[in-house]
Amino acid sequence: MEVFEGLLWEKAGGKPANCPYSVWQLLNHMIFWQDFYLAYLKGKVPKHPEHDEDSWPDEIAPSNEAEWSDTLLLFSKGLKEAENEAKKDLTELKDLGLERTRGDLLTTLMAHNSYHTGQIALIRQLIGEWPPPSW
């Protein structure tokens, strides 16, 4: 969550030249897949999007501070859920179709979040909003 620290909602939609996404879009894309994998971990079978672009929001920026804060909170709650799942049996099969274990799903989720966290840090640098205040 530190990668978002100090970023004002008005800046979350900043999109540098030749950059396909804003921080806002990346955050929502991360939430989409985080929720997807957490659903598997809860024993559900989520519907995979037909196209990758279906996991990206159309909106470039949040509409107000409340939407930004609520979305950050949603992402944070998902991270906590993943952390709680990591305390359980990592060898338990959760995706029977592809024979993926809890550990496999969590590894995929964390790799995905890590990849996009790096992109967020880079975008923040490019829009002049880096480093976070506590660094």
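One table, with the values for the structure above:
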| quantity | calculated |
| --- | --- |
| J(HN,Hα) series, segment 119-135, from Karplus relation 6.51 cos²θ - 1.76 cosθ + 1.60, nearest Hz, glycine and proline x | 5, 4, 4, 5, 4, 4, 5, 5, 9, x, 10, 9, x, x, x, 7, 7 |
| Net charge contributed by nearby residues that have their C-beta within less than 9 Å of Gly14 (K/R +1, D/E -1) | +1 |
| Pair-distance profile P(r), taking every C-alpha pair of segment 1-73, with 10 angstrom steps and integer % | 18, 46, 29, 8, 0 |
| Span from the segment 78-96 Cα centroid across to the segment 1-57 one, whole angstrom | 20 Å |
| Sequence-distant lysines (8 or more away, or on other chains) whose Cα lies within less than 26 Å of Lys42 | Lys77, Lys80, Lys87, Lys88, Lys94 |
| Of every Cα-Cα pair in the chain, the percent that sits beyond 20 Å | 48 percent |
| Long-range amide H partners of Arg100 with built H, under 5 Å | Lys94, Asp95 |
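Each reported figure results from applying straightforward, stated rules to the coordinates on display, with no laboratory input. Fair warning: this is a prediction, and the values are worked out from it, not measured in the lab. Backbone-built Cβ (ideal geometry, glycine too); neighbour counts: all protein chains shown.
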